[in-house]
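The structure under discussion appears below in the form of structure tokens.
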């Protein structure tokens with residue numbers, strides 16, 4: 001928990017720094033005259049990973065996950081983008097011990113709203129995704145919840161119950177930034193709001209977590225997430 | 001510039017809200033029910049009849065007397081049942097005294113020679129437990145199926161509970177808002 005907060009704080013600080021540096025660039029734009037010749041844009045597939053998932057895998061004993069992110073420039077402002085990943089999340093209280101495990105992919109578009117000063121290639125973007133996950137849920141242990149403490153202790157049901165081949169579909173909108181820190185290497189951060197469109201819920205149980213979507217709050221179809229991306233553009237051509 | 005401010009603001013809120021909501025089972029959730037038992041008149045079988053100076057105690061070496069039912073006059077008791085792993089036949093036993101009193105044996109200052117008087121009967125409640133999912137924080141609650149009660153006398157004082165019957169056939173206890181069983185005396 002504390003480690004998670006430290007990670008969050010670290011990332012927030014990084015983003016603020018990125019904002020400041022982007023702001024500095026914007027100010028410069030206004031001062032320059034447009035005497036720069038032949039502006040070109042770099043095209044090519046940009047691949048990377050989500051550093052938050054790596055950090056959580058290292059520090060959070062109830063979580064492991066890995067995600068590959070990718071995008072490809074279509075026009076000056078439009079990018080086709082997506083993520084593919086795998087996650088495992090354990091949930092444990094005094095009454096329930098459960099594991100969710102599965103894979104997901106997301107596909108959609110990003111739109112860059114930022115006007116770069118040539119030859120910079122930074123992004124302030126918004127985008128949307130459609131996500132799909134295939135996963136399993138396992139109840140490892142359960143203990144009946146009682147308010148009365150009269151007959152204690154309640155025996156633990158250690159009978160493992162696995163619900164396989166569950167799936168979910170959701171939509172996401174995101175806002176983020178991406179900055180080229182050295183040639184073709186980008187750091188970025190984005191926030192995502194998600195809406196669960198459909199899910200297979202197990203009989204007499206519920207999906208507590210959906211890989212790629214995140215934690216499910218009771219009777220709530222809204223989810224959220226954020227990621228810190230490190231990515232590299234494999235340059236194909238300039239135009 | 002607007003975008004930058006918007007994003008920084010969003011980030012700030014994410015950063016401060018990243019402490020997860022505690023996973024605590026809310027008290028407003030209906031969880032494992034207790035069993036509701038009414039005492040009725042054995043002749044006029046629809047009239048509640050008070051049990052004088054009742055005392056209810058779970059039969060288990062460590063169990064204490066239930067505080068609400070220690071020498072009080074009641075027409076209804078609400079008692080918890082023993083929970084076990086699901087799908088197995090489980091029993092809960094209570095010793096129920098009528099006219100319970102502690103006789104001080106003529107020596108009010110000396111509690112070592114006190115003894116209990118009254119008429120104890122033992123009820124045995126048998127049932128099968130099913131797990132019912134509530135929420136992530138509460139986990140599962142119990143539901144009790146095929147509930148039945150048998151009554152036996154504990155010593156030679158004779159049965160004071162003369163008859164018993166469930167309010168429904170194939171009684172299932174899934175909440176504790178209505179009476180589940182009637183005991184006649």
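Quick look at the numbers
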{"quantity": "Verdict on residue A:77 being modelled with pLDDT of 90 or more and within 14 Å of chain B (Cβ to nearest Cβ)", "calculated": "yes"}
{"quantity": "Condition met for residue B:178 (in contact (Cβ under 8 Å) with a residue 60 or more places away in the chain and exposed (fewer than 13 other Cβ atoms within 10 Å of the Cβ))", "calculated": "yes"}
{"quantity": "Those residues of region B:126-138 which are in contact (Cβ under 8 Å) with a residue 40 or more places away in the chain and within 12 Å of chain A (Cβ to nearest Cβ), in sequence order", "calculated": "B:129, B:130, B:131, B:132, B:134, B:135, B:136, B:137, B:138"}
{"quantity": "Among (1) at the interface with chain A (Cβ under 9 Å from one of its Cβ atoms); (2) farther than 30 Å from residue A:225 by Cβ; (3) out of contact with any strand residue (DSSP E or B) (no Cβ under 6 Å at 6 or more places or on another chain), the one test that residue B:46 misses", "calculated": "(1)"}
{"quantity": "Residue list for region B:24-48, filter: crowded, with 17+ Cβ neighbours inside 10 Å and either modelled with pLDDT under 85 or not in a strand (DSSP E or B) (or both)", "calculated": "B:25, B:31, B:32, B:33, B:34"}
{"quantity": "Some residue of region A:125-132 being within 12 Å of chain B (Cβ to nearest Cβ), in contact (Cβ under 8 Å) with a residue 40 or more places away in the chain and out of contact with any helix residue (DSSP H, G or I) (no Cβ under 8 Å at 6 or more places or on another chain)", "calculated": "yes"}
{"quantity": "Members of region A:215-227 that are assigned to a strand (DSSP E or B) and either surrounded by 18 or more Cβ atoms within 10 Å (Cβ to Cβ) or within 10 Å of another protein chain (Cβ to nearest Cβ) (or both)", "calculated": "A:215, A:223, A:224, A:225, A:226, A:227"}
{"quantity": "Residue in region A:204-214 that is touching a helix residue (DSSP H, G or I) at 6+ places or on another chain (Cβ under 9 Å), in contact (Cβ under 8 Å) with a residue 60 or more places away in the chain and within 14 Å of chain B (Cβ to nearest Cβ) present", "calculated": "no"}
{"quantity": "Residue match in region B:95-102 (condition: within 14 Å of chain A (Cβ to nearest Cβ) and within 21 Å of residue B:178 (Cβ to Cβ))", "calculated": "no"}
{"quantity": "Qualifying residues in region A:188-203 (those that are within 14 Å of chain B (Cβ to nearest Cβ) and in a strand (DSSP E or B)) - the one surrounded by the fewest Cβ atoms within 10 Å (Cβ to Cβ)", "calculated": "A:193"}
{"quantity": "Residue match in region A:89-107 (condition: assigned to a helix (DSSP H, G or I), more than 14 Å from chain B (Cβ to nearest Cβ), more than 29 Å from residue B:140 (Cα to Cα) and at pLDDT 90 or above)", "calculated": "no"}
{"quantity": "Matching residues, region A:170-184, being under 19 Å from the mean Cα position of the chain (by Cα) and either away from chain B (no Cβ under 14 Å) or under 13 Å from residue A:46 (Cα atoms) (or both)", "calculated": "A:170, A:171, A:172, A:178, A:179"}
{"quantity": "Matching residues, region A:145-169, being crowded, with 16+ Cβ neighbours inside 10 Å, facing another protein chain (nearest Cβ under 8 Å) and under 20 Å from residue A:99 (Cβ atoms)", "calculated": "A:145, A:157"}
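The values are calculated or read from the model by the stated rules, or taken from the named source; none is laboratory data. Here the structure is a predicted model, which is why all the values come from computation and not from measurement. Reconstructed Cβ throughout: ideal geometry from the backbone, glycine too, with neighbour counts over all protein chains shown.
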